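Asks: Shown below is the structure under consideration.
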Amino acid sequence: MTTIGILLFDGAEELDIVGPWEVFTASSALLERAGETPDKAVLVGPTLDPVQCRKGMRLLPDVTRDDHPPLDLLLVPGGDGVMTAMEDQALLRWIVDTGAHAQWVTSVCTGALLLHTSGVSKGKRLATHWALEDRLADLGADVVRGRRWVRDGNVVSSQGVSAGIDMALWLVGQLHSPDHARATQRYIQYEPAPPYAAEV
């Protein structure tokens, strides 16, 4: 069983959280249906109080940063709240300490700024939202532009918002198998297509 921790903080982008959450929990549902041990995904907050995301959605943490199970995979979302979070030294230390024991350290969108600022991704290539690529590069990161997600060692980072779904599916393939990842993709009926292609 893999324990997946998705970090919550005020101002985090909703889909950066719930997109990968859907992938990981759908994968777990399929594992359970097949009689296998499911993975466990938890939302990690500063406290157990609701966390308000960037566009107003409020999420309830399952565990806190001070009291959570060992995490095999850490996912750090992005969003406007990243700029404040980059000044939170306790949070940055937690990312480093937790990442040191995780099999995978991952980010969606501008969560890459937290990976870089904390130092957990030192020497690693990173992807982020196109609008913040220059900012991340100015901070000294090795930014990969134009790629939906990038893997460098055990650090995996994705571009903005929906790219986190792609990254999460790839991670499911690494945790289990590519066939299981494809089954998960089919289960959530995720089939990216060009925008405005629907028949109306």
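Asks: Report, in debye and to the nearest 20, how large the dipole of the stretch 9-127 comes out about its Cα centre when Lys and Arg carry +1 and Asp and Glu carry -1 on their Cβ.
Replies: 380 debye
Asks: Working out 0.36 nm times the residue gap between Asp67 and Trp130, then minus their Cα-Cα distance, what length gain in nm do you get to one decimal?
Replies: Residue separation times 0.36 nm, minus the Cα-Cα distance, leaves 19.2 nm.
Asks: Kirkwood hydrodynamic radius of the stretch 1-126 from all distinct Cα pairs, in Å?
Replies: About 14.6 Å for the stretch 1-126.
Asks: Follow-up. With Kirkwood's inverse mean 1/r over C-alpha pairs for Rh, give me the Rg to Rh ratio of the stretch 83-162, two decimals please.
Replies: Ratio value, two decimals: 0.93.
Asks: Quick check for me: using +1 on Lys/Arg Cβ and -1 on Asp/Glu Cβ, what's the dipole size of the chain about its Cα centre, in debye to the nearest 20?
Replies: Result for the chain is approximately 420 debye, rounded to the nearest 20.
Asks: Looking at the stretch 150-196 from every direction and averaging, what is the projected area of its Cα convex hull in nm²?
Replies: Average projection, Cα convex hull of the stretch 150-196: 3.8 nm².
Asks: Okay, next question. Hey, can you list the DSSP H helices of the chain whose Cα span along the axis is 24 Å or longer and whose average Kyte-Doolittle score is at least -0.5?
Replies: 14-33
Asks: Further question on the same structure: For Leu60 and Asp179, compute 0.36 nm times the residue count separating them, minus their Cα-Cα distance, and round to one decimal in nm.
Replies: This chain segment gains 39.6 nm when fully extended.
Asks: Along the positive direction of the dipole of the stretch 13-133 (beta-carbon charges: Lys, Arg +1; Asp, Glu -1; about the Cα centre), which of Trp104, Leu30, Thr128 reaches farthest?
Replies: The listed residue farthest towards the positive side: Thr128.
Asks: If you don't mind, another one. Pop the C-beta distance of Gln52 and Asp97 into the FRET formula with R0 = 25 Å and round what comes out to the nearest 0.05.
Replies: Computed FRET efficiency for Gln52 and Asp97 comes out at 0.45.
Asks: For Cys53, what residues show an amide H to amide H distance below 5 Å, using hydrogens built from the backbone and excluding near sequence neighbours?
Replies: Those qualifying (amide H under 5 Å, at least 5 residues apart or on another chain) are Gly11, Arg58, Leu59.
Asks: Using C-alpha positions alone, give me the convex hull volume of the stretch 1-61 per residue in cubic angstrom.
Replies: Normalising the Cα hull of the stretch 1-61 by residue number yields 70 Å³.
Readers should treat all values here as calculations from the given coordinates under stated rules, not as data from a laboratory. Bear in mind the structure is a predicted one, so any value in this text is a computation, not a measurement. We place every Cβ from the backbone using ideal geometry, glycine too, and count neighbours over all the protein chains shown.
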